[in-house]
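Working notes, beginning with the structure itself.
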Amino acid sequence: MNNIFNLEGKVAVITGASSGLGADAARAYAANGADVALFARRADRLEAVAKEIEKMGRKALAVPCDVMDEKAVAAGVQKVIDTYGKIDILLNNAGIAIPGGVEDLTEEAWDKGMNINVKGPFFMSKYIVPHMRKAKYGKIVNIASVNAIVADKFPDLWRHNYNASKAAVRGLTMGMAASYMQDNITVNSVGPGLFESEMTGGTLFKNENFMKMYNTSNPASRPGKRGELNGVLLFFSSDASSYVTGQFIAVDGGGSIV
């Protein structure tokens, strides 16, 4: 039986690839046969991940880039095209969770969250989609969040900007999906629940009250483990999902259903 999750011959671009879920995704893509291009701001960490990928026998291109900088994104995408000749997969993973409610957030903080979480995927898609349309093939996966569909009740956990920006990512996904399916480009989004990462390790995981509440209310009674997001990413990034577009899958241990 053919492996419908096989990514042999594919080129994947991953943003936020210098650590955490983005780096894990890059390794998962490489393990399934893809060559990768890694986008993030921290060049040293990108190079370290790229070396890991190369040791796996795949090609890896480190592209230091701030996804909020349109000129940098355009140049980075062109570098990938010049190196690999094509882009088959785009994983928009770069993101930030800014704490606070609307009463507390500054305009600067609000704009920063929106720029990284929404403008970043917009810029990346703007410069990659034309290459996918020309090739009549593309798989775009946008990392939203379970917080696109559920909110935190307790004041010290309010993240109104995160709720709004990740809901916008879901909306962007649906709009792009409807527009580009006839070009054989699928666009889907993933809503991770709580996973330990650079973003959450120093905040939520250190909040004992939050962790107790999360583990008590979540059907899985625990946060997500490293690698548990990869199955959905590979599904959306491979031909296994050739007739699936505009969808949102929560990977949250069932937290959003209770």
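Subtract the Cα-Cα distance of Glu198 and Val150 from 0.36 nm times their separation in residues, and report this length gain in nm to one decimal.
That pair, Glu198 and Val150, stretches by 15.1 nm at full extension.
Entry note, the chain: the mean residue ellipticity at 222 nm calculated from DSSP H runs of n ≥ 4, each adding -39500 (n - 2.57), is -13000 deg cm²/dmol after division by the residues and rounding to the nearest 500. Shown for Thr173, Thr216, Thr245: other C-beta atoms within 10 Å of each C-beta, ranked fewest to most, produce the order Thr216, Thr245, Thr173.
Placing a label point 7 Å from the Cα of Ala240 along the Cα-to-Cβ direction, the residues of segment 133-151 whose backbone N falls under 16 Å of that point are 139-141. Against the chain, whose longest principal axis comes from its Cα atoms, helix 160-180 is set at around 30 degrees.
Of all DSSP-defined beta bridges confined to the chain, some 0% are antiparallel rather than parallel. Translational diffusion of segment 57-101 was estimated from the Stokes-Einstein equation, with Rh taken as the Kirkwood radius over Cα pairs; at 37 °C and 0.692 mPa s the coefficient is 261 µm²/s. When the Cα positions of Met181, Tyr243, Leu204 are compared along the charge dipole of segment 128-258, Met181 comes out farthest toward the positive end, with charges on each C-beta of Lys, Arg, Asp and Glu.
For segment 1-70, what does the relative contact order come out to in percent, with C-alpha contacts under 8 Å and a separation of six or more? Before the final figure, lay out the partial values.
Working: 124 pairs, mean separation 21.1, N = 70.
Here the relative contact order equals 30 percent.
Here the dipole of the chain is about 580 debye; that uses its Cα centre as origin and unit charges on the Cβ of Lys and Arg (positive) and Asp and Glu (negative). Considering only alpha-carbon pairs that sit under 8 angstrom and 6 or more positions apart, the relative contact order computed for the chain is 19 percent. Put in order of Cβ neighbour count within 10 Å, fewest first, the listed residues Val102, Val13 become Val102, Val13. The tail of the calculated P(r) for the chain beyond 34 Å holds 14 percent of all Cα-Cα pairs.
Residue separation of Ala31 and Ala220 scaled by 0.36 nm, minus their Cα-Cα distance, works out to 65.3 nm of gained length.
Normalised by the residues of segment 188-258, what does the relative contact order come to in percent, with Cα pairs under 8 Å and at least six apart? Present the calculation step by step, with values, prior to reporting the outcome.
On the way: 78 pairs, mean separation 37.2, N = 71.
Answer for segment 188-258 is 52 percent.
Look at the dipole of the chain built from charges on Cβ: of Thr216, Ala12, Tyr137, the Cα furthest out on the positive end belongs to Tyr137. A simple spin-label model places pseudo-atoms 7 Å from Cα toward Cβ; at Met181 and Glu208 they are separated by 5.1 nm.
Quick note: the coordinates plus some simple rules give every number you see, no bench work behind them. Everything quoted here is computed from the prediction, not taken from an experiment. Glycine also receives a Cβ, built like all others from the backbone with ideal geometry; neighbour counts cover every protein chain displayed.
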